[in-house]
Amino acid sequence: MTRQRSFFESDRVEQLQQPTRYRTSANKNEVHCGMCGDTYFLDDVSYKHVTRVIEVTLENPFLCEGCELENEESAAIH
Ligand SMILES: [Zn+2]
C-alpha cells in the first residue's frame, strides 16, 4: 500500500507544470490569461483542465501568476 501511494505522489508531481511565457517541451499549449490577456503556455494536463472549464462555463479560468495573486488578495478582502 505504501508503495502505491508514493507512486501516486510522484506521478502527481510530474504533472504539476508551472505555466511559462514561452513554449517548452512540456508546455506547448497556448492560452491567454483571463484577466490581462497575456500569452502563456501550459502542459497537456493543465490545458485539458482549462479547455474543459471553458466548454462548461464559457469562461476562461486561467490566470497568470500576477493576476492570480491579485485575485487572491481581493478575494481575501471580501
Ligand atoms: Zn494576467
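Laboratory data are not the source of any read-out in this text; all were calculated from the coordinates shown. Remember, it's a predicted structure, so these values are computed and weren't measured experimentally. Backbone-built Cβ (ideal geometry, glycine too); neighbour counts: all protein chains shown.
Miscellaneous remarks
- Residue-wise HN-Hα coupling along region 62-67, computed from phi with Karplus coefficients 6.51, -1.76, 1.60 (Hz; x: Gly, Pro): 7, 10, 6, 3, x, 6
- Two-site FRET efficiency, CYS36 against VAL56, from Cβ-Cβ distance with R₀ of 22 Å, rounded to 0.05: 0.45
- Amide H contacts under 5 Å for PHE62: GLY34, restricted to partners 5 or more places along the chain or on a different chain, H placed in the peptide plane at 1.01 Å from N.
- Residues whose amide H comes within less than 5 Å of that of ASN29, counting only those at least five positions distant or on another chain, are LEU42 (H built at 1.01 Å from N in the peptide plane).
- Long-range amide H partners of ARG23 with built H, under 5 Å: none
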